[in-house]
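The values are calculated or read from the model by the stated rules, or taken from the named source; none is laboratory data. What you are looking at is a predicted structure, and each value in this text was computed from that prediction instead of being measured. For neighbour counting, all protein chains shown are included, and Cβ atoms are generated from backbone atoms with ideal geometry for every residue, glycine included. Ligands, DNA and RNA are excluded from the accessible area calculation, which covers all protein heavy atoms including side chains. Shrake-Rupley method; radii C 1.70, N 1.55, O 1.52, S 1.80 Å.
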Amino acid sequence: MASYRVGESHTTAAEEPECSIYEEVLPNEKTEHSQRLAVEELITTEASYVHNLQLCVSDIRAHLQEKQLPDLDLEGLFSNIDDILHVARRFLEGLEATANQDYEQLLCISALFQEFKEEMETVYKIYCASYEHALLLVESYRKDPRLQEEILETLKTTVPHTGASDLSFFLVMPVQRITKYPLLLQKILENTPASASAYPALQSAFSAMAEVNTNINEYKRRKEVATKYNKAEHLTLRDRFARLNTHSIAKKTTRLSRLLMHEAGIVSKTEDKEYDDLEEKFQHVASSVTALKENVVSYLKHLETFLLSTPHKHELQIDEGAAQQYRRFAGCLHRTVLPEFRQRLDRLVCQPLCSLSDMLVGPQQLVKKRLDKLLDYEEIQERKSEMGSVTYNEEAAMNTYLAINALLVAELPRFNQVAVQLLGQILCSFTVLQRDLAAQVLQEAEKELEQMPHSHMPLPRFWKMVEDALQQSGAQLRTFCQKFETVMPSPVSQPLNPAEERKVLSLVNKHGPDKLYQVTSNISGSKDLDLTLQRGQIVALLQSVDTKGNTSRWLVDAGGPRGFVPSGKLQPYHPVQSQQPGMQMPALERGAERRRHSYALPGAPKPQVSTFTPAFQVVAGFSFAARSPQEISIQAGQPVLVLEPHDKKGSKEWSLVDVNGQKGYVPSSYLMTVPVQEPLGWSLPV
């Protein structure tokens, strides 16, 4: 009995350590098994996810593209799913490569998540932000029986094994996958001992993916705010009045008051150097696009004007020669060269430029709305500092400003970069098109030049031929001018009525003679502040640009009313032709400014210089008594001839004048310019 008890006691004592060891080993094996299952789940579900993405891109979308359904927005449906598939494939390859790492597998998986963190956030945030729009498209297609039938037929043909009854079955996968990564990592982390070497790395990977999801949600919220405000609204005046209420008027008044206080320096403006620099660059890009678009439109108008001339359509009573060759050359330009250039210009320059201009509308609206929300934000911040709290709506308004500002700061750098690249490509395309056009025109011209008799002529002989031709043409031109002057009547001088005379005198006194212009044709004002004037009226130039900097509209004084007129319908106030003696003015000078020939005929007789009486003359405004031999006395109203508008030292305070044949100096301030009283009139423009 005693020995049994000992033995029994011994056996019991030996079994107790075995049980405790088994109890310790069993949980570790269970944990490792769960950990292994969690890792396998991560890899297998990733492989299934990539396979479904591949089906979505290669089969479903490709099949829908082949159908070419005009009402189906594939880009809106699938967004940037190609980028997601590219990232997911590479990520799956990395996960599968960790299977051979044994104890280092968890560390490799953690490092892989850290490596793909930024790339995943970049592609998934774009997809998630546009996911709601894709669901709206799917819902709209359900209401269209024809489209819904085509979509279902595509799903049954390409992926019958999935049992999918709608596109949303596949479209939701990227949204679900990015949110599942933190859960899968957390499951692995829960089955990893805290003492394990991979535990801190797994914690970092879990935090990284949780941060990615947080950033995606924040980006989606900002995009929703931006979508609300970046649409350009084209409201009628009635719609704008319908929107007015007590709240909107009070809000706009508060913003205007705040803005005026900013400009006056009463309150300080919130400074954001990073945003200000980005907005400045954006505004430069926008103005560059607008200027280029206006220039291209002007260029196309000039091209259309050039094409109006069609010499190739008119038959010439000439068998052969330079005229017929030019006719053939013009026909080639109009039928082939220029139409092709116009098509390429529209495809490579006009259409991309219009698309780029449309791209600017959204950011411009958002920049404008940011300023409004900034004024609200500053007002609420000031109230919060005084009262210590704000209402729910005020807190929402502050968050709206912060969301718009953060979105612009995040997106404007990339937008500016892409816009500048597109603008540069458009300019390069335009340059290449111009170069190709010049080369093609030159090639066609050389074909015609080769048929000319002087195409292989030595250079000295060619220039001799040109000189002879110019001399012959010059002689013909002189003969024509003589006949023209004989046949054409002299311009008729129309006398000024007393009222017009007083108006011209008033304009001279106000603005000076060099500011007077004459209307060359009737002007009918069609815009606000435009004047309606008759041909021959005299006006004074005030500004050679309008309020928008347009140099084709001038601001003038019509002797009472002031307004804008087309600059092309004004010419400087011309003198009246007369045979009376007076101040001489060569007529050839004005003609030389209008016509400058590159070839001067040797020994050509100079045309006779006709004399003109100017429309203005210099008179003494005040009487002046000479005080030295160098000075001369004048009486108020006495005509004088200004010889030099300065003295010998160059001072413009004294002028050298001729009074009845006597010369001397008088104060320049004593002289004034007035219209010639005899004869009264002006030359009507031909």
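For region 523-538, the set of residues classified as in a loop (DSSP other than H, G, I, E, B) and open to solvent by 30 Å² or more (accessible area, probe 1.4 Å) consists of SER524, GLY525, SER526, LYS527, ASP528, LEU529, THR532, GLN534, ARG535, GLN537, listed by residue number. Quickly run through region 193-224 and pick out the residues that are buried (at least 21 other Cβ atoms within 10 Å of the Cβ), more than 13 Å from PHE113 (Cα to Cα) and modelled with pLDDT of 90 or more. Within region 193-224, just ILE216 meets the criteria.
So in region 380-403, with the set limited to residues that are of a type outside the set (Phe, Trp, Tyr) and in contact with a helix residue (DSSP H, G or I) (Cβ under 6 Å, 6 or more places away or on another chain), which one is surrounded by the fewest Cβ atoms within 10 Å (Cβ to Cβ)? Quick ask: steps written out before the conclusion?
Looking only at region 380-403, we keep the residues that are of a type outside the set (Phe, Trp, Tyr), and these are 380-391, 393-400, 402-403.
Subset that is in contact with a helix residue (DSSP H, G or I) (Cβ under 6 Å, 6 or more places away or on another chain): 380, 390, 394, 397-398, 400, 403.
Details: ILE380: 18, VAL390: 15, GLU394: 17, ALA397: 18, MET398: 18, THR400: 19, ALA403: 19.
Taking the candidates together, the pick is VAL390.
For region 429-446, filtering for residues that are open to solvent by 80 Å² or more (accessible area, probe 1.4 Å) and either within 26 Å of the chain's Cα centre (by Cα) or touching a residue at least 60 places away in the same chain (Cβ under 8 Å) (or both) leaves 2. Listed conditions (1) farther than 30 Å from ALA445 by Cβ; (2) part of a helix (DSSP H, G or I); (3) of a type in the set (S, T, N, Q); (4) open to solvent by less than 70 Å² (accessible area, probe 1.4 Å) are all met by THR270, apart from (2).
For region 404-428, taking the residues that are farther than 18 Å from HIS284 by Cβ and open to solvent by 40 Å² or more (accessible area, probe 1.4 Å), the one that is modelled with the highest pLDDT is identified as CYS428.
Of all residues being open to solvent by 30 Å² or more (accessible area, probe 1.4 Å) and in contact (Cβ under 8 Å) with a residue 40 or more places away in the chain in region 148-157, which is farthest from VAL50 (Cα to Cα)? Just the residue, please.
Going through region 148-157, the residues open to solvent by 30 Å² or more (accessible area, probe 1.4 Å) turn out to be 148-150, 152-153, 156-157.
Adding the requirement that they be in contact (Cβ under 8 Å) with a residue 40 or more places away in the chain leaves 150, 157.
Values: GLU150: 25, THR157: 20 Å.
My answer is GLU150.
Filtering region 645-686 to residues that are of a type in the set (D, E, K, R) and modelled with pLDDT under 60 leaves only GLU678.
Selection of first residues in region 286-302 that are open to solvent by 50 Å² or more (accessible area, probe 1.4 Å) and of second residues that are assigned to a helix (DSSP H, G or I), restricted to Cβ pairs under 6 Å at least 6 apart or on distinct chains, gives the following pairs, ordered by first then second residue: LYS293/LEU353; LYS293/SER357. For GLN283, indicate whether it is open to solvent by less than 50 Å² (accessible area, probe 1.4 Å) and either in a helix (DSSP H, G or I) or farther than 30 Å from SER429 by Cβ (or both). So GLN283 does not fit the description; no. Just need a number here: residues in region 539-564 that are touching a helix residue (DSSP H, G or I) at 6+ places or on another chain (Cβ under 7 Å), more than 16 Å from ASP528 (Cβ to Cβ) and assigned to a strand (DSSP E or B). The total comes to 3. At least 3 residues being open to solvent by 80 Å² or more (accessible area, probe 1.4 Å) and farther than 14 Å from MET173 by Cα is the threshold, and among the helices (runs of 4 or more DSSP H) wholly inside region 29-147 those reaching it are 81-97, 105-142.
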